[in-house]
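Asks: Below: one structure in structure tokens.
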Amino acid sequence: MPLKFSCFENEYNKDFDVKDLADYDQIVTTYYDLRDANRRIDSFTKQITGAKLNNHETDRDELPELLHKQELCLDWK
């Protein structure tokens, strides 16, 4: 996968053209097609588009604030 799609800081980049991942998509599709277990036929771009990129808060998002309240996180915000 191109580095610009695999390294992020604090959030995923959602502003990209899925066509830029065509080469990687073919690699993932071939991998799923050729592996023995589960015989999953899928592509990388189908997995990352849609609901999976929606912004939603999870319990993990509350962790820095909780650590800060307990004075275990000194550089929060």
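The values are calculated or read from the model by the stated rules, or taken from the named source; none is laboratory data. What you see is a predicted model, and the numbers here were worked out from it, not measured in a lab. Positions of Cβ are backbone-derived with ideal geometry, glycine not excepted, and every protein chain shown enters the neighbour counts.
Asks: I'm trying to understand the selection: among the residues of the stretch 1-13, which are surrounded by fewer than 10 Cβ atoms within 10 Å (Cβ to Cβ) and at negative phi? Give the derivation first.
Replies: Keep residues of the stretch 1-13 that are surrounded by fewer than 10 Cβ atoms within 10 Å (Cβ to Cβ), which gives 3, 6-11.
Hits for the stretch 1-13 are L3, S6, C7, F8, E9, E11.
Asks: With respect to the numbered conditions (1) modelled with pLDDT of 80 or more; (2) hydrophobic (A, V, I, L, M, F, W, C); (3) part of a loop (DSSP other than H, G, I, E, B), which one is the sole condition not fulfilled by I27?
Replies: Evaluating I27 over (1) modelled with pLDDT of 80 or more; (2) hydrophobic (A, V, I, L, M, F, W, C); (3) part of a loop (DSSP other than H, G, I, E, B) leaves (3) as the failure.
Asks: Being part of a loop (DSSP other than H, G, I, E, B) and touching a Ser or Thr at 6+ places or on another chain (Cβ under 7 Å) is the filter here; which residues of the stretch 7-21 pass it?
Replies: Step one: filter the stretch 7-21 for residues part of a loop (DSSP other than H, G, I, E, B), giving 7-17.
Result: no residue meets the conditions.
Asks: Name the pairs whose Cβ atoms lie under 8 Å apart, with the first residue in the stretch 1-24 and without any contact (Cβ under 8 Å) to a residue 60 or more places away in the chain and charged (D, E, K, R), the second surrounded by 10 or more Cβ atoms within 10 Å (Cβ to Cβ) and not in a loop (DSSP other than H, G, I, E, B), and 6 or more positions between them or separate chains?
Replies: K14/L53; D20/F5
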